[in-house]
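Working notes, beginning with the structure itself.
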């Protein structure tokens, strides 16, 4: 999972240890692939295994290694 920590830290702009839908929206804007907040929330919901409404490093790592 350490391999994904750098990626996670880049996305987690408020450094709270979780990625929110808003942070995904900002990431996609930077990447030149804007998405709506609703689309970002749907992505968060898909990866959010513990139901807290955000993606933690473990959830992102599980997604990226699946």
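Throughout, read-outs are computed from the coordinates displayed, never taken from laboratory work. Note that the coordinates shown come from a computational prediction; the quantities given were computed from them, not determined experimentally. Glycine also receives a Cβ, built like all others from the backbone with ideal geometry; neighbour counts cover every protein chain displayed.
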- Query: At residue 7 and residue 30, where each label point lies 7 Å from the Cα along Cα→Cβ, what is the point-to-point distance in nanometres?
  - Reply: 1.4 nm
- For the chain, report the translational diffusion coefficient in µm²/s to the nearest whole number, using Stokes-Einstein at 4 °C, 1.567 mPa s, and a Kirkwood Rh over Cα pairs. 110 µm²/s
- Message: Based only on other Cβ atoms within 10 Å, what is the fewest-to-most ordering of 5, 15?
- Response: 15, 5
- Message: For a protection proxy built on the mean count of beta-carbon atoms within 10 angstrom, sort 47-55, 19-27, 32-40 highest first, please.
- Response: 19-27, 47-55, 32-40
